[in-house]
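Before any comments, here is the structure.
The values are calculated or read from the model by the stated rules, or taken from the named source; none is laboratory data. A quick note: this is a predicted structure, and the numbers were derived from the prediction, not measured. For neighbour counting, all protein chains shown are included, and Cβ atoms are generated from backbone atoms with ideal geometry for every residue, glycine included.
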(Lines give C-alpha, C1' and ligand atoms only; values in the text may rest on other atoms or scores of the structure.)
Protein backbone atom coordinates (compact mmCIF):
# COMPACT_ATOMS: atom_id res chain seq x y z
CA UNK A 1 0.00 0.00 0.00
CA UNK A 2 2.93 2.34 -0.34
CA UNK A 3 1.00 4.41 -2.90
CA UNK A 4 -0.97 5.79 0.06
CA UNK A 5 2.08 7.99 0.62
CA UNK A 6 0.12 10.42 -1.55
CA UNK A 7 -1.68 12.51 1.03
CA UNK A 8 -4.43 13.33 -1.48
CA UNK A 9 -5.25 9.68 -2.17
CA UNK A 10 -4.96 8.76 1.50
CA UNK A 11 -7.45 11.47 2.48
CA UNK A 12 -9.78 10.35 -0.31
CA UNK A 13 -9.62 6.73 0.89
CA UNK A 14 -10.24 7.82 4.49
CA UNK A 15 -13.26 9.91 3.41
CA UNK A 16 -14.57 6.99 1.37
CA UNK A 17 -14.23 4.64 4.34
CA UNK A 18 -16.12 7.14 6.51
CA UNK A 19 -18.91 7.31 3.93
CA UNK A 20 -19.09 3.54 3.75
CA UNK A 21 -19.34 3.35 7.54
CA UNK A 22 -22.22 5.85 7.48
CA UNK A 23 -24.03 3.89 4.77
CA UNK A 24 -23.76 0.77 6.94
CA UNK A 25 -25.10 2.64 9.99
CA UNK A 26 -21.75 2.33 11.78
CA UNK A 27 -21.20 5.88 13.03
CA UNK A 28 -17.65 6.92 12.01
CA UNK A 29 -15.98 8.76 14.89
CA UNK A 30 -12.46 9.00 13.42
CA UNK A 31 -10.77 7.58 10.31
CA UNK A 32 -7.06 7.95 9.72
CA UNK A 33 -3.79 6.20 9.17
CA UNK A 34 -0.54 6.22 7.27
CA UNK A 35 0.67 4.74 4.00
CA UNK A 36 0.45 1.09 5.08
CA UNK A 37 -2.62 0.87 7.31
CA UNK A 38 -5.78 2.60 8.48
CA UNK A 39 -7.45 3.02 11.84
CA UNK A 40 -11.21 3.34 12.19
CA UNK A 41 -13.07 4.30 15.33
CA UNK A 42 -16.73 3.70 14.75
CA UNK A 43 -19.91 2.39 16.24
CA UNK A 44 -21.07 -1.05 15.21
CA UNK A 45 -24.63 -1.24 13.92
CA UNK A 46 -26.81 -4.03 15.25
CA UNK A 47 -27.55 -4.83 11.59
CA UNK A 48 -24.04 -6.03 10.64
CA UNK A 49 -21.40 -8.28 12.13
CA UNK A 50 -17.84 -7.08 12.54
CA UNK A 51 -16.53 -9.49 9.91
CA UNK A 52 -19.21 -8.34 7.44
CA UNK A 53 -18.31 -4.71 8.14
CA UNK A 54 -14.62 -5.30 7.47
CA UNK A 55 -15.36 -7.30 4.31
CA UNK A 56 -17.61 -4.51 3.03
CA UNK A 57 -15.04 -1.80 3.84
CA UNK A 58 -12.22 -3.70 2.14
CA UNK A 59 -14.25 -4.63 -0.93
CA UNK A 60 -15.69 -1.19 -1.58
CA UNK A 61 -12.48 0.72 -0.89
CA UNK A 62 -10.45 -1.66 -3.05
CA UNK A 63 -12.68 -0.77 -5.99
CA UNK A 64 -12.15 2.96 -5.47
CA UNK A 65 -8.36 2.61 -5.08
CA UNK A 66 -8.11 0.47 -8.22
CA UNK A 67 -10.18 3.03 -10.12
CA UNK A 68 -7.57 5.66 -9.14
CA UNK A 69 -4.87 3.87 -11.12
CA UNK A 70 -3.62 1.20 -8.70
CA UNK A 71 -4.83 -2.04 -10.34
CA UNK A 72 -2.78 -4.35 -8.09
CA UNK A 73 -4.00 -2.93 -4.78
CA UNK A 74 -5.33 -5.25 -2.10
CA UNK A 75 -5.71 -5.08 1.65
CA UNK A 76 -4.02 -7.71 3.76
CA UNK A 77 -6.31 -10.63 4.53
CA UNK A 78 -6.55 -10.03 8.28
CA UNK A 79 -7.54 -7.18 10.55
CA UNK A 80 -7.48 -6.23 14.20
CA UNK A 81 -10.54 -5.02 16.07
CA UNK A 82 -10.74 -3.77 19.63
CA UNK A 83 -13.58 -2.36 21.68
CA UNK A 84 -13.08 1.07 23.22
CA UNK A 85 -14.80 2.41 26.32
CA UNK A 86 -16.52 5.78 26.17
CA UNK A 87 -13.96 7.09 28.66
CA UNK A 88 -11.10 6.21 26.26
CA UNK A 89 -12.77 7.56 23.13
CA UNK A 90 -10.99 10.93 23.02
CA UNK A 91 -7.59 9.29 23.58
CA UNK A 92 -8.24 6.95 20.64
CA UNK A 93 -9.36 9.86 18.44
CA UNK A 94 -6.09 11.67 19.28
CA UNK A 95 -4.09 8.51 18.62
CA UNK A 96 -5.68 8.10 15.17
CA UNK A 97 -5.23 11.78 14.36
CA UNK A 98 -1.52 11.64 15.26
CA UNK A 99 -0.64 8.49 13.28
CA UNK A 100 2.08 10.11 11.17
CA UNK A 101 3.89 11.42 14.24
CA UNK A 102 3.35 8.19 16.17
CA UNK A 103 4.78 5.94 13.47
CA UNK A 104 7.99 7.92 13.21
CA UNK A 105 8.88 6.27 16.54
CA UNK A 106 7.47 2.76 16.18
CA UNK A 107 6.41 0.62 13.22
CA UNK A 108 2.91 -0.69 12.80
CA UNK A 109 4.16 -4.26 13.25
CA UNK A 110 6.00 -3.43 16.49
CA UNK A 111 3.00 -1.57 17.82
CA UNK A 112 0.55 -4.34 16.94
CA UNK A 113 2.72 -6.97 18.67
CA UNK A 114 2.89 -4.80 21.80
CA UNK A 115 -0.87 -4.31 21.77
CA UNK A 116 -1.55 -8.03 21.42
CA UNK A 117 0.92 -8.88 24.17
CA UNK A 118 -0.42 -6.16 26.48
CA UNK A 119 -3.91 -7.64 26.23
CA UNK A 120 -2.61 -11.22 26.48
CA UNK A 121 -3.93 -12.15 23.07
CA UNK A 122 -2.08 -15.18 21.73
CA UNK A 123 -0.90 -14.91 18.13
CA UNK A 124 1.35 -16.67 15.68
CA UNK A 125 3.57 -14.40 13.57
CA UNK A 126 3.09 -16.74 10.59
CA UNK A 127 -0.57 -15.74 10.40
CA UNK A 128 -0.49 -12.07 11.42
CA UNK A 129 1.24 -10.52 8.40
CA UNK A 130 0.60 -11.01 4.70
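When 45, 67, 94, 83 are checked against the criterion of being more than 22 Å from residue 10 (Cα to Cα) and free of Cβ contacts under 8 Å to residues at least 12 places away in the same chain, a single residue qualifies: 83.
Across segment 42-53, what is the total count of residues that are closer than 27 Å to residue 101 by Cβ and surrounded by fewer than 17 Cβ atoms within 10 Å (Cβ to Cβ)? Of the residues in segment 42-53, 1 are closer than 27 Å to residue 101 by Cβ and surrounded by fewer than 17 Cβ atoms within 10 Å (Cβ to Cβ). Taking the criterion of being surrounded by fewer than 18 Cβ atoms within 10 Å (Cβ to Cβ) and in contact (Cβ under 8 Å) with a residue 40 or more places away in the chain, the residues of segment 1-29 that qualify are 3, 9, 12, 16, 29.
For segment 66-81, the set of residues classified as under 27 Å from residue 94 (Cβ atoms) and touching a helix residue (DSSP H, G or I) at 6+ places or on another chain (Cβ under 8 Å) consists of 75, 78, 79, 80, 81, listed by residue number.
Within segment 30-41, the set of residues being more than 12 Å from residue 103 (Cβ to Cβ) and touching a residue at least 60 places away in the same chain (Cβ under 8 Å) comprises 30, 31. For residue 110, which of the numbered conditions (1) assigned to a helix (DSSP H, G or I); (2) surrounded by 12 or more Cβ atoms within 10 Å (Cβ to Cβ); (3) within 17 Å of the chain's Cα centre (by Cα); (4) free of Cβ contacts under 8 Å to residues at least 40 places away in the same chain fails to hold? Failing condition for residue 110: (2).
Limited to segment 9-40, what total is found for residues that are within 18 Å of residue 81 (Cα to Cα) and touching a helix residue (DSSP H, G or I) at 6+ places or on another chain (Cβ under 8 Å)? Number satisfying all stated conditions: 18.
I'm checking my understanding of the structure. Among residues of segment 73-105 that are over 17 Å from the mean Cα position of the chain (by Cα) and modelled with pLDDT under 90, which one is farthest from residue 59 (Cα to Cα)? Among those residues, the one meeting the criterion is 105. The combined condition, being touching a residue at least 24 places away in the same chain (Cβ under 8 Å) and at negative phi, is fulfilled by residue 60. For segment 113-130, a tally of residues being in contact with a helix residue (DSSP H, G or I) (Cβ under 9 Å, 6 or more places away or on another chain) and assigned to a loop (DSSP other than H, G, I, E, B) returns 4.
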